[in-house]
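Read through the structure below, which is laid out as structure tokens, and then see the notes.
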Protein chains: 2
Amino acid sequence: MSPEENPVPPAAPGAKKRLSREIVLSAALALVDSEGLDALTMRRLGQQLGRDPMGLYRYAENRAALLDGVSELVLNELAIFPDDPDWQAQLRRIAHDLRDLALRHPNVVPLLVTRPLSTPLGLRPLGTLRPLEQILSLLIDAGFAPADALHVYRAYYGYLYGHILNELQEFIVDPDENEALLRLGLHRLPPKDFPRLRALAPVLADYDGMAELDEGITILLSGLAARLSPEA
Amino acid sequence: MSPEENPVPPAAPGAKKRLSREIVLSAALALVDSEGLDALTMRRLGQQLGRDPMGLYRYAENRAALLDGVSELVLNELAIFPDDPDWQAQLRRIAHDLRDLALRHPNVVPLLVTRPLSTPLGLRPLGTLRPLEQILSLLIDAGFAPADALHVYRAYYGYLYGHILNELQEFIVDPDENEALLRLGLHRLPPKDFPRLRALAPVLADYDGMAELDEGITILLSGLAARLSPEA
DNA sequence: TAAACGTCTCTACAATGTAGACTTTAGGCG
DNA sequence: CGCCTAAAGTCTACATTGTAGAGACGTTTA
């Protein structure tokens with residue numbers, strides 16, 4: 001999360017191979033992962049690749065498209081098996097995988113969450129829509145009516161994204177200093193106005209995101225199953 | 001959502017009153033609401049207020065702080081009554097209120113969701129933390145153990161934010177053209193790869209966000225209540 | 001070899017955030 | 001009333017950004 005760690009080595013200056021969309025996007029992702037979203041400028045990325053910044057426009061129309069490409073790249077790391085007969089297990093696994101993904105690429109999460117807000121559903125990068133399609137498939141194959149599948153998907157994905165945001169928001173850089181840092185921050189809060197929050201400092205400090213996610217998913221899935229049960 | 005509607009009138013040129021943080025932030029919010037996040041530049045905001053852009057730095061350290069201020073301003077529109085004895089009803093009402101807020105200020109949602117990711121919990125603008133504190137208070141007063149209250153809060157707020165993101169992502173500008181636009185977008189998708197999604201076009205077109213939210217909340221709250229019941 | 005095309009580079013420009021010095025205004029004290 | 005100080009507002013200047021447009025280069029085809 002700290003935006004200036006592990007600067008990426010500026011280029012393999014000898015190996016000036018032909019560029020490709022893959023290469024450009026991978027470099028962009030590496031840059032974002034290691035130095036944060038703001039570090040992803042055209043010039044900087046060009047420099048990483050040992051190329052003139054202008055060349056990048058051959059592989060992404062503009063900076064926004066580049067960001068979309070990075071989102072897509074990350075989402076492609078997510079494997080979904082739409083043929084699993086146990087839909088609940090599958091959704092639970094996906095949830096954990098997506099959480100891992102988010103923890104692995106925390107700087108990309110704002111993109112995942114924000115970019116779709118400026119692009120109507122039908123015009124998003126295809127890679128971005130694949131999880132939706134596949135989960136629908138999973139649910140429909142499991143016996144849900146298509147419209148119900150959509151409802152399940154929405155509740156599920158909504159909660160999932162929400163959880164990830166929550167968890168990243170409470171994420172603190174150095175896990176050893178967790179509690180200290182946290183207390184430090186909380187100490188700033190006026191005790192009169194924030195007694196509950198301050199009292200919870202220790203609990204906040206050892207947040208088990210995985211367990212929390214799992215519980216929420218359990219509640220949601222069983223609730224959803226009870227309400228809109230697949231006919232299977 | 002369309003970023004260039006309703007341009008704000010450039011200033012009341014006669015009435016050059018003394019500025020204040022409130023005034024600046026309100027103008028910023030108005031700008032964001034009417035023309036989108038990108039329109040909020042220092043120069044533009046200065047122009048709206050009939051002042052030199054540099055003057056704004058008296059009221060916000062830098063652009064990021066300005067964005068935080070806008071978030072805070074919006075969240076202040078949310079009323080929470082931590083003394084309501086019926087915690088479930090209260091949480092349900094808050095959920096609907098927050099959803100309304102998001103629909104009223106869609107361009108601010110990315111801020112609400114994104115800014116906290118770059119600020120450790122203890123250092124956020126106080127207005128931003130108030131909902132957390134108050135909901136904790138509500139739950140603890142209702143009989144939850146503090147640690148359980150935190151869990152409930154996390155599941156609840158997680159789902160709530162997730163839902164809002166979902167809903168805004170499916171939001172289409174002109175409600176009359178909803179279906180047409182949507183189909184248009186979806187038509188672009190290769191039928192082989194996205195059969196489910198394409199088939200669901202009509203269902204996607206009449207999304208009832210309020211009902212969907214309410215259902216999800218019901219499931220979550222009753223699930224949570226069953227698992228971690230207040231001793232009351 | 002010549003032509004044609006896709007790839008990459010160079011130069012240039014308008015827009016942005018913001019530092020630092022200056023000017024103006026408002027209010028308190030003689 | 002007249003000054004003085006601090007706050008509020010303004011001006012100028014600069015580094016950094018995205019990206020347009022013209023050209024150079026290299027590789028493949030005729």
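The values are calculated or read from the model by the stated rules, or taken from the named source; none is laboratory data. From a predicted model like this one, the values you see are computed outputs, not experimental measurements. Quick reminder, even Gly has a Cβ in these numbers, built from the backbone with ideal geometry, and neighbours come from all protein chains shown. SASA here: full protein model, heavy atoms, side chains in, ligands and nucleic acids out. Shrake-Rupley method; radii C 1.70, N 1.55, O 1.52, S 1.80 Å.
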*Residue that is open to solvent by 20 Å² or more (accessible area, probe 1.4 Å), touching a residue at least 24 places away in the same chain (Cβ under 8 Å) and out of contact with any His (no Cβ under 8 Å at 6 or more places or on another chain), where the choices are A:100, A:83*: A:83
*Filter result (open to solvent by 50 Å² or more (accessible area, probe 1.4 Å) and not small (Gly, Ala, Ser)) within the stretch A:208-232*: A:208, A:210, A:215, A:227, A:231
_Those residues of the stretch B:50-80 which are away from DNA strand C (no atom under 14 Å from the Cβ) and either open to solvent by 30 Å² or more (accessible area, probe 1.4 Å) or assigned to a loop (DSSP other than H, G, I, E, B) (or both), in sequence order_ = B:72, B:73, B:76, B:77, B:78, B:79, B:80
*What number of residues within the stretch B:37-72 satisfy the criterion of being more than 12 Å from DNA strand D (Cβ to nearest atom) and among the acidic types (Asp, Glu)?*
3
*Cross-chain or 6+ apart pairs with Cβ under 8 Å, the stretch B:38-57 first and in the same structural domain as residue B:25 (by TED's automatic domain parsing), then more than 6 Å from DNA strand C (Cβ to nearest atom) and β-branched (Val, Ile, Thr)*: B:39/B:32; B:40/B:32; B:40/B:70; B:45/B:24; B:48/B:8; B:49/B:23; B:49/B:24; B:56/B:24
*Could you tell me whether the stretch A:74-81 includes any residue that is within 16 Å of DNA strand D (Cβ to nearest atom) and more than 14 Å from chain B (Cβ to nearest Cβ)?*
no
*Check whether at least one residue in the stretch A:191-213 is under 16 Å from residue B:150 (Cβ atoms), assigned to a helix (DSSP H, G or I) and modelled with pLDDT under 85, and report yes or no.*
yes
*Scan the stretch B:116-144 for residues that are open to solvent by 20 Å² or more (accessible area, probe 1.4 Å) and either under 20 Å from residue B:22 (Cα atoms) or not in a helix (DSSP H, G or I) (or both) and jot them down.*
B:119, B:120, B:125, B:126, B:128, B:130
*residue B:13 fails exactly one of the following numbered conditions: (1) open to solvent by 70 Å² or more (accessible area, probe 1.4 Å); (2) at pLDDT 95 or above; (3) within 16 Å of DNA strand C (Cβ to nearest atom). What is the number of that condition?*
(2)
